[in-house]
Amino acid sequence: MWSSSLPKSRFLRFFVLMIHHYNRHNTATQSAALAFYLLFTIFPFLIFISALLGLLNLDISGTMTALSDFLPAEVVELIEVYLTYVSENPSPRLMVFGLVFSVYFPMRAANSLMGAVRTAYHLGPPRGVISQWVKVLIYTVTLILTIALTLSLMTFGERTLRYAVVHFRLPAFLAELWVKLRFPVAGAVSFLALFLLYALAQDTFPPLKNIWPGTLFSLAAWMSLSWLYSYYADHFSHYSVLYGSIGAVIVVLIWLNLTAVTLILGAEVNGVLISMRKDEDAA
C-alpha cells in the first residue's frame with residue numbers, strides 16, 4: 001500500500017504527500033489556468049478603480065505607494081500608467097464597463113480556484129450547478145469589496161486619521177499607529193477572504209481545523225514569494241532588455257502564476273493534513 005511506504009516522520013510524510021498531491025492533481029496546469037483568468041481580471045478591475053478615482057478626484061499616489069511595498073517596480077509602473085490614463089479621463093460609462101467585467105472575470109477565476117480546492121479536498125463535482133454559481137457570485141462580490149476596502153484603508157486611512165486628529169481632537173498617536181498596523185490589517189482581511197473561499201468551495205461548512213492551516217500557509221507563502229520576486233525583479237532580472245516593451249507584462253504573468261500556485265497549495269496543505277489525520281485515526 002502507498003501509505004505503508006511513507007516515512008515514519010510526520011514532517012517527512014507530509015512533505016512526500018505534498019509532492020505526490022502536487023503531481024497527481026496537476027497543480028502546475030491548474031495554476032496556469034488560474035493565472036490566465038487572473039490576468040483578465042486585473043485590467044477590468046483597474047479600469048473600474050481608476051475611473052472611480054477619477055470621478056471622485058482622488059490622487060493615485062497613495063495607492064501606488066502601497067502597491068510598491070510588495071510588487072516589482074515593472075508591475076507598479078504598468079499599473080500606474082494605466083491608472084493615470086483612465087483617472088485623467090473619467091467616464092461613468094467606463095466605470096460601469098469596468099465594474100461589469102470586474103465581476104465576470106473574477107467569477108471565472110473564483111470558479112477555477114474552487115474547482116482546484118475541491119480536487120485538493122478529494123471532493124467530486126459540486127452537487128448543484130446553480131448553488132455553485134451562487135457561491136461563486138457571493139465570493140466574487142465579497143472579494144471585490146474586500147480589495148476595495150483594503151486599498152482604501154491602506155491608501156486613505158492615514159490621511160483620514162490625520163484629518164480626524166486635527167478636527168476632532170483625537171490622540172495623535174492613532175495616525176502613527178495606523179502606519180504600523182495597516183499591513184497587518186490588510187493581511188487579516190486577506191486571510192478572512194481566502195478562508196471564506198476554501199469554505200465556500202465545499203458542500204458543507206467544514207471544521208475550522210480543515211481550513212485555517214492551509215489559509216495561513218497560502219497567505220504567508222504568497223507574501224514571501226511576492227517580496228522575494230519583487231526584490232529579484234528589481235535587482236537581478238533584465239526583463240526589459242530581453243523582452244523590450246512587454247517586459248512588464250512578463251513580470252506580471254510570472255507573479256500571477258506564483259500567486260495561483262500559492263492559492264492552490266494552501267488547499268493542498270489542508271487536503272494532506274486531512275488525509276494524514278484519517279490515516280492516524282485508522283491506525
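The values are calculated or read from the model by the stated rules, or taken from the named source; none is laboratory data. Quantities reported herein were computed from a predicted structural model and do not represent experimental measurements. Neighbour counts run over all protein chains shown; Cβ positions are idealised from the backbone, glycine included.
Which number in (1) at pLDDT 85 or above; (2) in a loop (DSSP other than H, G, I, E, B); (3) surrounded by fewer than 16 Cβ atoms within 10 Å (Cβ to Cβ); (4) of a type outside the set (A, V, I, L, M) marks the one condition that residue 202 misses?
Going through (1) at pLDDT 85 or above; (2) in a loop (DSSP other than H, G, I, E, B); (3) surrounded by fewer than 16 Cβ atoms within 10 Å (Cβ to Cβ); (4) of a type outside the set (A, V, I, L, M) one by one, residue 202 breaks only (3).
Going by the conditions given, is residue 191 buried (at least 18 other Cβ atoms within 10 Å of the Cβ) and modelled with pLDDT of 85 or more?
no
If we only count helices (runs of 4 or more DSSP H) wholly inside the range 1-98, which ones have 2 or more residues that are modelled with pLDDT of 70 or more and surrounded by fewer than 19 Cβ atoms within 10 Å (Cβ to Cβ)?
10-24, 27-55, 73-88
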